[in-house]
Structure formats: structure tokens, C-alpha cells
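Worksheet for the structure shown next.
The values are calculated or read from the model by the stated rules, or taken from the named source; none is laboratory data. Note that the structure is predicted; figures quoted are calculated from it, not measured. Here the Cβ positions follow ideal geometry from the backbone for every residue, glycine too, while neighbour counts run over all protein chains shown.
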């Protein structure tokens with residue numbers, strides 16, 4: 001992609017009305033693109049407005065302050081002519097600060113080359129988040145093996161949810177990168193830009209593999225402990241069933257002797273011992289039968 005214009009970049013804080021006005025007046029960005037850039041729930045995608053020559057790419061990046069275990073937020077890149085705009089919707093200001101330093105140090109003269117440099121940096125930011133999830137999982141597992149508590153299980157559930165979010169975010173990023181690769185604009189890239197895009201795809205695939213492995217491991221752990229808890233519950237229910245049946249024996253035996261019906265040893269001074277003996281004998285017989293039946 002060759003042009004006589006000079007490469008220019010700027011990071012825009014989309015929450016500032018003055019900078020929104022700058023997008024409209026100085027860079028002539030359409031309202032549709034601005035709406036995409038400011039939407040905190042916008043999914044990653046890439047598109048080219050042929051009428052204005054505006055290329056839009058939205059990429060998942062780590063959020064400054066995670067909310068409800070949501071650790072990512074969209075960051076928008078806009079390329080128009082030789083200008084690269086990075087539009088922050090207010091949830092990734094720290095990431096934008098890092099990109100400022102990255103772009104300030106780059107010596108490229110191509111907006112797409114600068115874009116891919118930024119994407120490599122952003123993709124690498126997910127690896128420490130996945131590693132943190134793995135480290136927390138390794139810390140929880142010994143605790144669960146010693147004693148399966150509700151608190152530890154809730155922590156495991158939270159980790160599993162976090163890993164799922166990271167895996168989803170990484171997958172969306174790989175999809176948008178492949179979307180760029182399949183887009184007609186790819187035919188306009190220089191060899192260097194194609195190689196940079198390939199490097200970003202490799203990094204994104206590695207992060208995705210890490211995130212999916214972490215997510216699958218946590219899902220397997222959750223299923224394992226669900227099975228253990230279900231087995232424990234079954235054992236408790238079996239014990240309660242056996243105990244409730246055994247408790248009916250004394251009631252039945254003493255109930256017979258409480259009826260106005262002639263029974264053996266009814267008036268014997270040893271009658272209470274005989275009653276206890278009958279109860280114990282029936283307990284043993286029923287207990288042995290239930291033990292074999294419950295196996």
C-alpha cells in the first residue's frame with residue numbers, strides 16, 4: 001500500500017465529547033462507525049466502508065476493571081487513508097496508555113503495520129490472565145482434596161467462569177483476524193504487512209490454545225467434584241434409609257406388647273429383656289439384609 005501522505009496516529013478517548021467531535025470534524029468518521037466504537041458490548045469484527053475508505057477493526061482487550069467476571073472489552077481501530085485512530089470507550093484506558101507508548105516507539109510508515117504491531121501487544125496481554133487462572137486452580141485443588149468445602153467449590157466455579165470468558169474472548173479475536181485475512185483488503189497489503197498479520201494470528205492461536213486448555217481443565221475438575229458430591233449424597237441417603245428402617249423395629253416389637261392381645265412372656269418379670277432381645281435379633285437380621293441389598 002503506497003501513498004505520498006504521511007502516516008499519522010492518534011488515540012481517542014471516546015467518553016470525551018470534545019474527542020467525539022474531533023472524530024466527526026477532523027477525521028470525518030461516520031456516526032455508524034462512532035456508534036460501533038463507543039459500544040461497550042460490541043463484538044469483534046472487521047469491515048471496510050468503500051464509500052469513505054474507512055477500515056474498522058474491533059478487538060477484545062483486557063478490561064481495566066473486571067465486572068461480573070467479564071475481563072474483556074472491545075477496543076476500536078479505525079484506518080482512513082494514512083491515519084490510524086485508536087478509539088477507547090472508557091473501559092480500557094490503561095491498555096490505551098500502553099498502546100500510546102507502543103505507537104510512539106514504532107518507526108513504521110504504514111497504518112496497517114502499526115495496527116498489527118498493536119494487535120500483537122494486545123494479544124500477548126491475555127497470556128498472563130490465563131496463567132493467573134491456572135495458578136489459582138493449582139492452589140485450590142489441594143484444598144479440595146483435603147476438604148471439599150462450599151467456599152472452595154464456589155472459587156472453582158468462579159475460576160471456571162473466568163476461564164470460559166477468556167476462552168471466548170480469545171476465540172473471537174482469532175476469528176476477526178482470519179476475517180481480515182479473508183477480506184479483499186488483504187490483497188492490498190505489502191509482503192511485510194502480510195507477515196505481520198501472520199505473526200498476530202500465530203500469537204492469537206497460542207493464546208486461544210492456552211485459554212481453551214485452562215477452560216477444559218476447570219470443566220473437568222468441576223464435573224469430577226460434582227460426581228464426588230453426588231456419590232456422597234447417595235451414600236448419605238442410603239444411610240438415612242437404612243437407619244430409618246432399623247428405627248421401625250423397636251416400635252413394631254413394643255407395639256405388639258402394648259396391644260390387648262395375649263403374647264408369650266407378657267407377664268414374665270423378664271419380659272422387657274425378652275423384648276430387647278427380639279428387637280436386637282430383628283435389627284441384626286434386617287441390618288444384614290439391608291447391607292447386602294444396598295451394595
Fill in the blank from the handout: From the option list 187, 206, 196, 131, single residue qualifying as assigned to a helix (DSSP H, G or I), surrounded by fewer than 17 Cβ atoms within 10 Å (Cβ to Cβ), modelled with pLDDT of 95 or more and out of contact with any strand residue (DSSP E or B) (no Cβ under 6 Å at 6 or more places or on another chain) is 206
Exercise for the section: Scan (1) closer than 27 Å to residue 163 by Cα; (2) over 24 Å from the mean Cα position of the chain (by Cα) for the single condition residue 120 breaks and write down its number. Expected result: (2)
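Going through the stretch 134-184 one residue at a time, which ones are outside any helix (DSSP H, G or I) and in contact with a strand residue (DSSP E or B) (Cβ under 8 Å, 6 or more places away or on another chain)? Steps first, please.
Taking the stretch 134-184 and keeping what is outside any helix (DSSP H, G or I), we get 147-149, 183.
Residue satisfying the conditions is 183 alone.
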Practice task
State whether the residues of the stretch 216-224 include one that is surrounded by fewer than 20 Cβ atoms within 10 Å (Cβ to Cβ) and more than 30 Å from residue 142 (Cα to Cα).
Solution key: no
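What about residue 97, is it modelled with pLDDT under 95, touching a helix residue (DSSP H, G or I) at 6+ places or on another chain (Cβ under 9 Å) and within 24 Å of residue 120 (Cα to Cα)?
Working: modelled with pLDDT under 95: yes; touching a helix residue (DSSP H, G or I) at 6+ places or on another chain (Cβ under 9 Å): no; within 24 Å of residue 120 (Cα to Cα): yes.
When the stated conditions are applied, residue 97 does not pass them.
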Handout entry: Number of positions in the stretch 1-39 that are modelled with pLDDT under 90 and touching a strand residue (DSSP E or B) at 6+ places or on another chain (Cβ under 6 Å)
Key = 1
Practice task
Determine if the stretch 64-75 includes at least one residue that is in the same structural domain as residue 184 (by TED's automatic domain parsing), within 20 Å of residue 9 (Cα to Cα) and touching a strand residue (DSSP E or B) at 6+ places or on another chain (Cβ under 9 Å).
Solution key: yes
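Restricting the search to the stretch 103-124, which residues are assigned to a helix (DSSP H, G or I) and farther than 18 Å from residue 186 by Cα? Write out each step before concluding.
Here is the first cut: in the stretch 103-124, the residues assigned to a helix (DSSP H, G or I) are 103-105, 111-124.
Correct list: 103, 104, 105, 121, 122, 123, 124.
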